[in-house]
Amino acid sequence: MPVSSTSKNILFISTMTGSPWGGSEVLWYLTALKALKEGHEVSIYYKYWGDQESHHLSNLRSLGAEIRYYGQPKEDQLPVSFLDKLRHLINRNSAFEIRKKERKDTREEPAGDHFYGVDVVCVSQGTTYDIVNRSDIRELIESLQKPYILIAQFNYDYGFSLPMPKVELGKEIFRKAFKVVFVSETNKIFAEHQLFEDLSKRAHVLNNPFKVINKKPMAYPKSETMVFASVARLHCKTKALDIVIKCFAQSEWKERNWVYHIYGSGPDEAYLKALIKFYKLENKVVLKGHQTDVTQIWEHSHILVLPSLAEGTPLSLQEAMICARPAIVTDIAGNTELVENGHSGFVAEAPSFNSLSAIMNRAWKEQERWQEMGVEAFRYVKENLTLNPEHDLYEILIHAASE
C-alpha cells in the first residue's frame, strides 16, 4: 500500500568507482527519478569523473537533484563558501532545518557538512561489502543518524575472502540497516554464508530494472548464420569473455556457421582484441562497442552467452529473456534463478573452460530449439520478475524515512 506522500529528503550514495556508469547504477537512478517526480528532495553522492561524467547525473541535476562528489582532484575543487559554512554552523547548533539548497552543483567538500536535512540514505554498492571498505561513507552515515538502506549488486561464490575484523564490521553494518536489498536470492544466501549470519529480518530481494519491456516475444532472427552475443563490461576477471573466445577457437567450431558479437566497453578491450587475433578469429568474433538500444542487439542475435565468474542478477540476461532469447550462462548468483537448464537456456556447472565448452557444444547441437526456449524465457520473466522494481525500492525508502 502506498505510503504518505509528505516530502522527504533522500540521499543516494553510489560506491561505483570502476567506470562512470554501469548496470549497477540503474536501480538507484530510476528510484531517484521517481522520488523527484513525486516531489521529494534528492541528493547524490558520487565519484567525480570530470568530463567523463555520465549523462544520467546531468539528467538528475536538471530535474533538481543536488550532486556532490568524492574523489575529486584538489586542483579542481571549489572553495567552501561562507554561506555553506554558516549553514553547517546553524545546523549543528540548533534544531533549525534548512531545506532550500542554493547550489545545485558543488565540488567535493566534507560530505557531512552538506547533507543535513536528510531523512533517509540509500547506498548502492557495486559489490556486497563495498561499505565495509569505505570508512568515509560509514562516517557520513553515522554522522547523519538517519535510517539507511543498502543495495548489494554483486557477490562471489568462488574466491571470497574478507578478514575476520571486516566480517564483524559487515555484520554490524547489516544489522543496523533498515533493509539490505539483494538483487538475487542466491546472493543473499552467499552473504549469509560469508557472514555466518541470518539476514532474513533485514534482507529484501529485488531484481534489477529492465531497459526494455516487451508485451510479446520478439521475432526470431531469420539469418542462417547463428549469432551468439555477449552484452557485458569487458572485464575478464568477472565476465570471462576470454574463455568464450577460447571455446570458439576449438576445432569443432571451424566448420560451423556462426559469429560471435561482443557488446560493451571496459578495461580488457585490448586484451580481447589480442586474443581474437591470436586465435585467428577476426572474421568470426567482433567487438561491437557499447549499444544503448537493446532491441537492436536482439533483433539480429539468436542467443546470449554470459560466462560470468560472479554476478548479481545480470541486466543483460533479463533483457535477453524479455526479448525472447535463450541464454548460455554459468551457475553463478542469480543466473539459475532465471534460466532452467535445457528449458529456457543452458547452464554450465562452473565458470571454467571445460564446463563452458561442453555446454556451448550442447547448445549448438540443440539450436533447433532456441526459438522455443526463447519464448519460454520471455514467459518466465513476465510472470516472475518485477518489471518496475524501482517502485518497490522507492516505497522502502519512504517507509524508512517516515519511521
Note to self: The conditions are (1) open to solvent by less than 30 Å² (accessible area, probe 1.4 Å); (2) modelled with pLDDT of 95 or more, and residue 240 fails exactly one of them. Which is it?
What the structure shows: (2)
Check: Applying the selection to the stretch 240-267, what residues are touching a helix residue (DSSP H, G or I) at 6+ places or on another chain (Cβ under 7 Å), closer than 17 Å to residue 356 by Cβ and free of Cβ contacts under 8 Å to residues at least 60 places away in the same chain?
Finding: 242, 245, 260, 262
Next item on the list: Of the conditions (1) open to solvent by less than 40 Å² (accessible area, probe 1.4 Å); (2) within 22 Å of the chain's Cα centre (by Cα); (3) more than 30 Å from residue 194 (Cα to Cα), residue 305 clears all except one; give me its number.
Entry: (3)
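For the stretch 159-177: of the residues being in contact with a Lys or Arg (Cβ under 8 Å, 6 or more places away or on another chain) and in a helix (DSSP H, G or I), which is surrounded by the fewest Cβ atoms within 10 Å (Cβ to Cβ)? Full working, then the answer.
We begin by selecting, within the stretch 159-177, every residue in contact with a Lys or Arg (Cβ under 8 Å, 6 or more places away or on another chain); these are 173-175, 177.
Those still in the list that are in a helix (DSSP H, G or I) too: 173-175.
Numbers: 173: 18, 174: 24, 175: 13.
By that ranking, first place goes to 175.
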Notebook entry, point to check: What is the number of the single condition among (1) buried (at least 23 other Cβ atoms within 10 Å of the Cβ); (2) in contact (Cβ under 8 Å) with a residue 60 or more places away in the chain; (3) farther than 16 Å from residue 308 by Cα; (4) in contact with a Pro (Cβ under 9 Å, 6 or more places away or on another chain) that residue 377 does not meet?
Noted result: (2)
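Can you tell me which residues in the stretch 7-61 are assigned to a strand (DSSP E or B) and open to solvent by less than 30 Å² (accessible area, probe 1.4 Å)?
Of the residues in the stretch 7-61, the ones assigned to a strand (DSSP E or B) are 9-14, 41-47.
The answer is 9, 10, 11, 12, 13, 14, 42, 43, 44, 45, 46.
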Next item on the list: Would you be able to say whether some residue in the stretch 386-396 is in contact with a Phe, Trp or Tyr (Cβ under 7 Å, 6 or more places away or on another chain) and outside any loop (DSSP other than H, G, I, E, B)?
Entry: no
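If you take the residues in the stretch 130-158 that are closer than 21 Å to residue 237 by Cβ and either hydrophobic (A, V, I, L, M, F, W, C) or free of Cβ contacts under 8 Å to residues at least 60 places away in the same chain (or both), which one is surrounded by the fewest Cβ atoms within 10 Å (Cβ to Cβ)? Before the answer, list the steps.
Here is the first cut: in the stretch 130-158, the ones closer than 21 Å to residue 237 by Cβ are 130, 132-134, 152-158.
Now drop any that are not either hydrophobic (A, V, I, L, M, F, W, C) or free of Cβ contacts under 8 Å to residues at least 60 places away in the same chain (or both), which leaves 132-133, 152, 154.
Working: 132: 23, 133: 14, 152: 28, 154: 23.
Result: 133.
In the stretch 178-201, which residues are under 20 Å from the mean Cα position of the chain (by Cα), outside any strand (DSSP E or B) and without any contact (Cβ under 8 Å) to a residue 40 or more places away in the chain? Before the answer, list the steps.
Applying the first criterion (under 20 Å from the mean Cα position of the chain (by Cα)) to the stretch 178-201 yields 179-191.
Retained after the next criterion (residues that are outside any strand (DSSP E or B)): 183-191.
Matches in the stretch 178-201: 188, 189.
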Check: If we keep just the residues of the stretch 180-194 that are aliphatic (A, V, I, L, M) and modelled with pLDDT under 95, which is most open to solvent (accessible area, probe 1.4 Å)?
Finding: 189
Margin query: Restricting to the stretch 308-327, and then to whatever is hydrophobic (A, V, I, L, M, F, W, C) and without any contact (Cβ under 8 Å) to a residue 60 or more places away in the chain, can you tell me which residue is nearest to residue 160 (Cα to Cα)?
Written below: 317
Item checked: the stretch 344-374, residues that are in contact (Cβ under 8 Å) with a residue 24 or more places away in the chain, open to solvent by less than 10 Å² (accessible area, probe 1.4 Å) and outside any helix (DSSP H, G or I) -> 344, 345, 348
Next item on the list: Looking at (1) in contact with a Pro (Cβ under 8 Å, 6 or more places away or on another chain); (2) more than 22 Å from residue 26 (Cβ to Cβ), find the lone condition where residue 239 falls short.
Entry: (2)
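Inspect the stretch 261-276 for any residue being of a type outside the set (D, E, K, R), closer than 23 Å to residue 374 by Cα, in contact with a Lys or Arg (Cβ under 6 Å, 6 or more places away or on another chain) and open to solvent by 30 Å² or more (accessible area, probe 1.4 Å) and give the result as yes or no.
Here is the first cut: in the stretch 261-276, the residues of a type outside the set (D, E, K, R) are 261-267, 270-272, 274-276.
When the remaining residues are screened for being closer than 23 Å to residue 374 by Cα, the result is 261-264.
In the following step, the residues that additionally are in contact with a Lys or Arg (Cβ under 6 Å, 6 or more places away or on another chain) were identified as 261, 263-264.
Now restrict to residues that are open to solvent by 30 Å² or more (accessible area, probe 1.4 Å): 261.
Within the stretch 261-276, one or more residues are of a type outside the set (D, E, K, R), closer than 23 Å to residue 374 by Cα, in contact with a Lys or Arg (Cβ under 6 Å, 6 or more places away or on another chain) and open to solvent by 30 Å² or more (accessible area, probe 1.4 Å).
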Item checked: Single residue of the stretch 309-343 satisfying the filter (buried (at least 23 other Cβ atoms within 10 Å of the Cβ) and among the hydroxyl-bearing types (Ser, Thr, Tyr)) that is modelled with the lowest pLDDT -> 313
Note to self: Where the second residue is among the polar types (S, T, N, Q) and in a loop (DSSP other than H, G, I, E, B) and the first is farther than 17 Å from residue 225 by Cα and lies in the stretch 283-305, which pairs have Cβ atoms under 6 Å and are six or more apart or on separate chains?
What the structure shows: 290/265
Notebook entry, point to check: Checking residue 291 against (1) within 19 Å of residue 238 (Cα to Cα); (2) open to solvent by 10 Å² or more (accessible area, probe 1.4 Å); (3) of a type outside the set (Asp, Glu), which single condition isn't satisfied?
Noted result: (1)
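The values are calculated or read from the model by the stated rules, or taken from the named source; none is laboratory data. Not measured: the values here are computed from a predicted model. Virtual Cβ from ideal backbone geometry, glycine too; neighbours counted across all protein chains shown. Ligands, DNA and RNA are stripped out before the accessible areas are found, and what is left, the full protein with its side chains, is counted by its heavy atoms. Shrake-Rupley method; radii C 1.70, N 1.55, O 1.52, S 1.80 Å.
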